[in-house]
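Enquirer: First the structure, which I've put down as structure tokens, then a few questions once you've had a look.
Only the coordinates and a few stated rules stand behind these numbers; no lab work does. Computed from a predicted model, the values in this text were never measured in an experiment. Cβ placement follows ideal geometry from the backbone for every residue including glycine, while neighbour counts extend to all protein chains displayed.
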Amino acid sequence: MTQPILLATCLLAAAPAAAQGAGGPQGDPARTEVWKPVPATVATPRDGAPSDAVVLFGGKDLSAWEAEQGGEARWAVADGAFTVVPGSKGIRTKQRFCDIQLHVEWRTPTETRGFDGQQRGNSGIFLQEVYELQVLDSYDNPTYSNGQAASIYKQAIPLVNASRAPGQWQVYDVIWKAPRFSEGGGLVSPARITVLHNGVLVQNDTVVSGRTEYIGAPSYPPHGCAPIVLQDHDAKVSFRNIWVREL
Ligand code: MG
């Protein structure tokens with residue numbers, strides 16, 4: 001007794017599909033399917049870097065880094081992280097990068113007494129050596145807005161303050177588009193940066209005005225691909241789980 005009802009249901013369900021088929025008024029859906037190229041497969045472990053990333057620090061050593069002035073990177077490695085040794089100067093990647101996706105985890109010191117504003121947990125991630133994404137303890141620590149955590153230092157204020165308390169691990173996920181220069185050295189297109197701070201969008205395709213300057217206006221002397229530099233600003237900021245994907 002149920003068979004006629006089933007048949008009627010099937011016919012009703014099939015009707016719309018037939019109308020959109022090869023002979024239907026809206027044409028063949030396969031005409032807008034694109035099968036090539038097939039994106040490469042990337043393994044994405046829950047903890048750690050994607051399979052196609054360059055691991056800059058996996059928890060053991062600073063072999064991917066060197067001192068900013070050349071020679072061995074002498075920051076302190078312990079417990080799967082490394083920490084600024086104040087006064088030792090910055091460190092930079094041995095490899096040079098242009099357009100990248102960058103993942104960095106960082107932590108500012110729990111001891112904050114006597115340290116305010118720019119003196120509290122200051123470090124920085126310099127893309128292509130000269131463009132600083134600020135690292136700072138900006139948890140209940142007022143400073144100039146274009147110098148707080150997740151600012152493009154002295155250039156771009158973050159959309160929100162997504163800072164965690166000192167002593168907690170924080171995350172930057174960065175999309176960096178390098179500036180382009182003409183053969184004559186003129187600026188063709190400025191750098192652009194997107195940053196997620198602890199998963200929250202804080203820089204949204206921000207146009208970078210030029211190399212970071214402490215005093216005065218930024219400018220754009222021409223350059224090529226360059227290392228990533230981590231800043232020694234006299235604070236014992238720690239880093240871990242750093243990887244980069246070249247775009
Ligand atoms: Mg800094």
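Enquirer: Using only the Cα atoms of the range 162-211, build the gyration tensor, take square roots of its eigenvalues as a ≥ b ≥ c, and label the shape rounded, prolate or oblate: rounded if a/c is under 1.5, else prolate if a/b is larger than b/c, else oblate.
Expert: prolate
Enquirer: For the modelled label position 7 Å from the Cα of A76 along Cα-to-Cβ, which residues of the range 91-123 have backbone nitrogen atoms closer than 13 Å?
Expert: 109-111
Enquirer: Under the 0.36 nm per residue contour assumption, what length would be gained going from the current alpha-carbon distance of L159 and V38 to full extension?
Expert: Values: separation 121, 0.36 × 121 = 43.56 nm, distance 3.56 nm.
Value of the extension gain: 40.0 nm.
Enquirer: Where in the range 224-243 does the label zone of R180 land, with the point 7 angstrom along Cα→C-beta and an amide N cut-off under 19 Å?
Expert: Under cut-off, by backbone N: 224-226.
Enquirer: Could you tell me whether the range 127-221 comes out rounded, prolate or oblate from its Cα gyration tensor? Rule is a ≥ b ≥ c as square roots of the eigenvalues, rounded for a/c under 1.5, then prolate if a/b exceeds b/c, otherwise oblate.
Expert: Numbers: a/c = 2.71, a/b = 1.84, b/c = 1.47.
The shape class here is prolate.
Enquirer: Can you tell which of G184, A150, V38 lies farthest toward the positive end of the dipole of the chain, using +1 and -1 charges on the Cβ of basic and acidic side chains (Lys, Arg; Asp, Glu)?
Expert: Of the listed residues, the answer is V38.
Enquirer: Turning to a different aspect of this structure: Spin-label point model (7 Å from Cα, Cβ direction): what's the W169 to E213 distance in nm?
Expert: 3.9
Enquirer: With a/c under 1.5 counting as rounded, go ahead and sort the range 54-246 into rounded, prolate or oblate using the C-alpha gyration tensor (a ≥ b ≥ c being the square roots of the eigenvalues; past the cut-off, prolate if a/b is larger than b/c, else oblate). Please list the in-between numbers first.
Expert: Values: a/c = 1.59, a/b = 1.20, b/c = 1.32.
Oblate, since a/c reaches 1.5 and b/c is not below a/b.
Enquirer: Residues with beta-carbon under 9 Å from that of N241, excluding N241: net charge, scoring Lys, Arg +1 and Asp, Glu -1?
Expert: Working: positive: R240; negative: D47, E105.
Charge balance near N241 sits at -1.
Enquirer: Remind me, relative contact order of the chain in percent, using alpha carbon pairs under 8 angstrom and six or more residues apart?
Expert: Reported relative contact order: 26 percent.
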